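Chemist: Take this structure first; my questions come after.
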Amino acid sequence: MIRIKKGRSIDTIFVLIVFSIFAFSILMVLMLGAGIYRNIHDISRTGEDERTAFSYIRTKTRTSDNYESISVGEFGGSSALFIYETIGERQFRTVIFKRDGWLNELFADATLDLPPTVAMRVTPIDYIRFEETEHGLIMVSTENLSLLLSPRSGSERSVVQ
């Protein structure tokens, strides 16, 4: 009878060990899957934010399809896109720039010198740069994408890097 009890206790210990290994394996697979999902979600979100920023900038430049009314400069310590337009007798300025991880827009009378803190947030973005090329085109670059705008004709070309 002692042998039977020893055999059953060894079987019970063996079953508990196998079950523990199985439970640990499931836990590790779930943790690994959650980490992968989080990384894919972050990458997808970053791409979505960049595409939203490009769509916004394209729309803004299309509404002002005049080469002389669009320029590139610096505002609030970052690269910025300036769009000027006349409404009635007054001239207004739209400034698009990055501040505190957000793409911002500041629309005001062109004669006012407003600080960047009063701008409206548009979409989250990690990096954006505006540059004017030697041919009068405007290059908008983010971490993963570049957009080449031609304000004169309203055409643009998107280039994935």
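The values are calculated or read from the model by the stated rules, or taken from the named source; none is laboratory data. Keep in mind that this is a model prediction, so the values were computed, not measured. Backbone-built Cβ (ideal geometry, glycine too); neighbour counts: all protein chains shown. These accessible areas exclude ligands, DNA and RNA; they are computed on the full protein's heavy atoms, side chains included. Shrake-Rupley method; radii C 1.70, N 1.55, O 1.52, S 1.80 Å.
Chemist: Going toward the positive end of the dipole of the chain, with +1 on Lys and Arg Cβ and -1 on Asp and Glu Cβ, which of 63, 80, 103 do you reach last?
Modeler: The residue sitting most towards the positive pole is 103.
Chemist: So, one more: Tell me, Kirkwood radius of the chain from alpha-carbon pair distances, in Å?
Modeler: Numbers: mean 1/r = 0.0513 Å⁻¹.
Evaluated over the chain, this radius sits at 19.5 Å.
Chemist: Taking the 0 to 90 degree range and rounding to the nearest ten, how far is the long axis of helix 2-63 tilted relative to the main principal axis of the chain, both from C-alpha atoms?
Modeler: Around 10 degrees separate the two axes.
Chemist: Where Lys and Arg each count +1 and Asp and Glu each count -1, what net charge lies around residue 102 among other residues with Cβ under 11 Å from its Cβ?
Modeler: On the way: positive: 98, 99, 121; negative: 49, 100, 105, 126.
Residues close to residue 102 contribute a combined charge of -1.
Chemist: Contact order normalised by length for the chain, with contacts defined as Cα pairs under 8 Å and 6 or more residues apart; what percent is it?
Modeler: Relative CO of the chain lands at 15 percent.
Chemist: Right, something else. For residue 102, list long-range residues whose amide hydrogen, built 1.01 Å from N in the peptide plane, is under 5 Å from its own amide hydrogen.
Modeler: Distant-sequence amide H within range of residue 102: 125.
Chemist: Can you list, bin by bin at 10 Å, the percent of alpha carbon pairs in the range 24-119, starting at 0?
Modeler: Result, from short to long distances: 14, 34, 23, 12, 9, 6, 2, 0 percent.
Chemist: Take the solvent-accessible surface of the protein heavy atoms, probe 1.4 Å, and return the percent of it on the chain that carbon and sulfur atoms account for. Let's see the in-between values first.
Modeler: Numbers: 6400 of 10910 Å².
C and S fraction of accessible area: 59 percent.
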